[in-house]
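Take a look at the structure set out below.
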Amino acid sequence: MKKILKSTLLLLCSVCLFTASEDDNDSNPTLVIPTTFHLNTPAYAQANTDLASSTELPFTWSQPNYGGFPVAAQYQMQFSLKNSFTTSVAQAEADESGKTIADYVMLDQIYNSCQGTVNASSLAKGLEQLAGWDEDNVPETVTVYARLTSDFANDTIYSNVVSFLVSPYSVELK
């Protein structure tokens, strides 16, 4: 009788084990590489922001949709004076011939969440690197175009472009 009971229990446990391993691949998350994400227009976009008297400029954005789950992406800000993001300052400086002209600057600050602040003096320095202003010909107001990069899994995607007005100042470049 004990052998029949043990055999029956073993058979029932085996049946339960095999029925519990149903294929559930449909519910597993799948990494989707998005093509863009949204940088919010800052509240100060229509006002003229004086970079000399400002310390920081705040920005917020939405996280790219990598398939419905949060990822630890790294974000960096890019700024342009012409709404063109083809050649960075770093790429132009690396060109030994000197023929490459930069049209955007990428700041060094890396963000790990969906908000961040840009140092106003770093932005002023980057704008001066782009425009080549000297102390006597800095414009009173310029329109700056900004976008964000998101780096995750060796893939970079770019946000939309937003514009805002600033009053730059001359920064001594080394």
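What the table below lists for this structure:
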quantity	calculated
Residues of segment 41-61 that turn out to be within 12 Å of the chain's Cα centre (by Cα) and open to solvent by 50 Å² or more (accessible area, probe 1.4 Å), as a count	1
Residue list for segment 117-170, restricted to those being touching a residue at least 12 places away in the same chain (Cβ under 8 Å), open to solvent by 30 Å² or more (accessible area, probe 1.4 Å), β-branched (Val, Ile, Thr) and over 18 Å from Ala45 (Cβ atoms)	Val138
Selection count, segment 69-97, where residues are open to solvent by less than 70 Å² (accessible area, probe 1.4 Å), small (Gly, Ala, Ser) and over 24 Å from Val144 (Cα atoms)	1
From Thr117, Thr100, residue being out of contact with any Asp or Glu (no Cβ under 7 Å at 6 or more places or on another chain) and farther than 17 Å from Asp151 by Cβ	Thr100
Checklist (1) assigned to a strand (DSSP E or B); (2) open to solvent by 30 Å² or more (accessible area, probe 1.4 Å); (3) more than 20 Å from Pro64 (Cβ to Cβ) applied to Thr100, failing item	(1)
Qualifying residues in segment 50-105 (those that are charged (D, E, K, R) and in contact (Cβ under 8 Å) with a residue 12 or more places away in the chain) - the one farthest from Thr35 (Cα to Cα)	Asp50
Residue identified as open to solvent by 80 Å² or more (accessible area, probe 1.4 Å), at pLDDT below 95 and either among the β-branched types (Val, Ile, Thr) or under 26 Å from Pro139 (Cα atoms) (or both) among Thr36, Thr30	Thr30
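The values are calculated or read from the model by the stated rules, or taken from the named source; none is laboratory data. No experiment lies behind these values; they were computed from the predicted model shown. No Cβ is skipped: glycine too gets one built from the backbone with ideal geometry, and neighbour counts run over all protein chains shown. Side chains are part of the model used for accessible areas, which takes the heavy atoms of the whole protein and leaves out ligands, DNA and RNA. Shrake-Rupley method; radii C 1.70, N 1.55, O 1.52, S 1.80 Å.
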